[in-house]
1. If you take the residues of the stretch A:118-138 that are within 13 Å of another protein chain (Cβ to nearest Cβ) and assigned to a helix (DSSP H, G or I), which of them is farthest from residue A:162 (Cα to Cα)?
2. Just wondering, is there one or more residues in the stretch B:6-13 that are closer than 24 Å to residue A:66 by Cα, at pLDDT below 90 and more than 14 Å from chain A (Cβ to nearest Cβ)?
3. Tell me, which helices (runs of 4 or more DSSP H) lie completely within the stretch A:272-385 with 1 or more residues that are closer than 19 Å to residue A:260 by Cα?
4. With the structure loaded, tell me whether residue A:282 is surrounded by fewer than 19 Cβ atoms within 10 Å (Cβ to Cβ) and either under 28 Å from residue A:112 (Cα atoms) or in contact with a strand residue (DSSP E or B) (Cβ under 7 Å, 6 or more places away or on another chain) (or both) or whether it fails that test.
5. Any idea which of A:196, A:205 is within 17 Å of residue A:111 (Cα to Cα), in the same structural domain as residue A:16 (by TED's automatic domain parsing) and touching a helix residue (DSSP H, G or I) at 6+ places or on another chain (Cβ under 6 Å)?
6. Has the stretch A:94-104 got at least one residue that is more than 14 Å from chain B (Cβ to nearest Cβ), touching a helix residue (DSSP H, G or I) at 6+ places or on another chain (Cβ under 9 Å) and not in a loop (DSSP other than H, G, I, E, B)?
7. Out of the stretch B:24-64, which residues are away from chain A (no Cβ under 13 Å), assigned to a loop (DSSP other than H, G, I, E, B) and at pLDDT 90 or above?
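The values are calculated or read from the model by the stated rules, or taken from the named source; none is laboratory data. Source: prediction; values computed, not measured. Backbone-built Cβ (ideal geometry, glycine too); neighbour counts: all protein chains shown.
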C-alpha cells in the first residue's frame, strides 16, 4: 500500500488506571514532580515471606468504577482495562451508551492476562482442598477477555484483537490499531493494554531472573532507578492505559479534541536472544517509526524510554538512541517513567504511549525519578531528571517498547499541525 | 424451598447492580440476570453447598420455579433445612 492511500490517525482520548488512584491530570502532575507510586508489596496469601517493591493500584475499586455485574464476571486485568477504556472513551467526548459502531474496534495488549484467576484456582485446589475450578475461569482468565469486555460494554463491532508480545504487547496493540485505521479497516479503535501481574507465580518468576529491584519499607519508593549508577532492576506495576485512535477526518468531522497525531510505528525483532536485547534490532524499530512519521533526529523532542532499570537493558537502549540520533543525541530529552509507575509488562507500552501523548500535548517532559548519577554506560543523551521540563517547545515524541523475545515496537507521535 | 430461594436471591445480590426485588416461580432466568454462564456458576455454588455433583445431562431450567425444583430434587435427603 502506498503512503498516499493511508488515512491519518488522531489520538482523541486518553484514559488510565494508575497506582496513584486519581485522574489523568493528577497522574501527570505527580509524575512531573518525580513522585513514585512504588511501595513494598507483600503478596496477601503467600506462605512465603515474599515482598517486592511494586506499584499497586490499591485504591482501585472495581465495584465502584464498573458496578457489581461487570466486576463479578471479570479478572482484575479486565477490570483495569474496562476502567481505562471507559475513561478514554469519555475523554474522547463519546457517550457511554449508544456511541458504538460496527466500524469501531478494540486493539488490546496483555502479557500475563488472567494470572490472578489461575492463582485463585490453584489456591482453591491445593490449599482449600477443592477439586475443581470455577466454571467462569476460562471466561475470566483468557487473554482476550479484556478486549471482548470492552467491545461488549461500548458496542464496538469492528475487529476485536488482542496481542501478547511480552513487554511490547500494548505498543503493538496501539501500532496495529493505527494500521487498521490507516488502511480504512476501522474508523476508530479503543487501543491500549492492561496488566495485573501481582500473582505469586509471576512475582517469583521475575525475582528468579534476578532483575527485580531491591528495596525495603523505607527505600521501595526509589527502588527502580533507570540509567542510575548502581541500579538494581525493575519493579512490577499494575494498571491500564487506553487511548481512542481515530481516522483524522472522522475526528475533525465530529469536532473531537485532538491531542496529537500517531504518525509512525516501527517494529523489528532482534532475532538474537530471548532475553538479552540488541541495539541493532532496536535501531531498526526506532528508525522505521521515525521514517514513517517523516521525522529527522532534530524533530524529536522527547523519548519515553523503555528503560526498565536493569543493568543489562538500559545501556543497550541508550546505545540504540545514540546510533539513531547521532550528533543530535546529546540534546535528546530522554526519561523512563517506569521509575514511578513501575513496569506494567503488557500494559507498559500503552501507559508510556499515553504519557508521551500527554507530554507532547502539554509541552512538558516528565523525569526519570531518583536519577542522581547517570551510569557511565548510559551517558550520551540528555537525561531528564528532578521535576522534569516545563514549557519546552517540541513537535514530536517517541515511545520505545522492547520486549523479551526480542520484539521491538516504537510509536511516533507528532503535534497537531 | 425458602432457603433455596434465598440462595438465588443471595447470588443475584452478589452479582447484579440492580437485583430484582420480587422473584416468583414464573420469573424467567434470562430476564432476571441469570444467563447461561451465571447459571453454570450458580449450580456450581449449589453443588459446593450440598457437596453433590449433578450429572451433565440435567435439564436446563429457564425459570426460577424450574431452578427451585432442580435444587429440591438434587438436595441430599440428609440435608436438614
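1. First pass over the stretch A:118-138, keeping only residues within 13 Å of another protein chain (Cβ to nearest Cβ): A:121, A:124, A:128-138.
Narrowing the set further to residues that are assigned to a helix (DSSP H, G or I) leaves A:121, A:124, A:137-138.
Working: A:121: 23, A:124: 28, A:137: 18, A:138: 16 Å.
Residue satisfying both the conditions and the ranking: A:124.
2. Kept after step one, since they are closer than 24 Å to residue A:66 by Cα, are these residues of the stretch B:6-13: B:8-13.
Restricting the remaining residues to those that are at pLDDT below 90 gives none.
No, every residue in the stretch B:6-13 fails to be closer than 24 Å to residue A:66 by Cα, at pLDDT below 90 and more than 14 Å from chain A (Cβ to nearest Cβ).
3. Numbers: elements: A:279-293, A:313-325, A:338-341, A:348-362.
In the stretch A:272-385, A:279-293, A:348-362 are the helices (runs of 4 or more DSSP H) which contain 1 or more residues that are closer than 19 Å to residue A:260 by Cα.
4. Details: surrounded by fewer than 19 Cβ atoms within 10 Å (Cβ to Cβ): no; either under 28 Å from residue A:112 (Cα atoms) or in contact with a strand residue (DSSP E or B) (Cβ under 7 Å, 6 or more places away or on another chain) (or both): yes.
So residue A:282 fails the test.
5. On the way: A:205 fails: touching a helix residue (DSSP H, G or I) at 6+ places or on another chain (Cβ under 6 Å).
Of A:196, A:205, the one residue that is within 17 Å of residue A:111 (Cα to Cα), in the same structural domain as residue A:16 (by TED's automatic domain parsing) and touching a helix residue (DSSP H, G or I) at 6+ places or on another chain (Cβ under 6 Å) is A:196.
6. yes
7. B:24, B:25, B:26, B:27, B:61, B:62
Matching residues to (1) surrounded by fewer than 23 Cβ atoms within 10 Å (Cβ to Cβ); (2) more than 16 Å from residue B:41 (Cα to Cα):
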| residue | (1), (2) |
| --- | --- |
| A:106 | no, yes |
| A:120 | yes, no |
| A:128 | yes, yes |
| A:131 | yes, no |
| A:135 | yes, no |
| A:145 | no, yes |
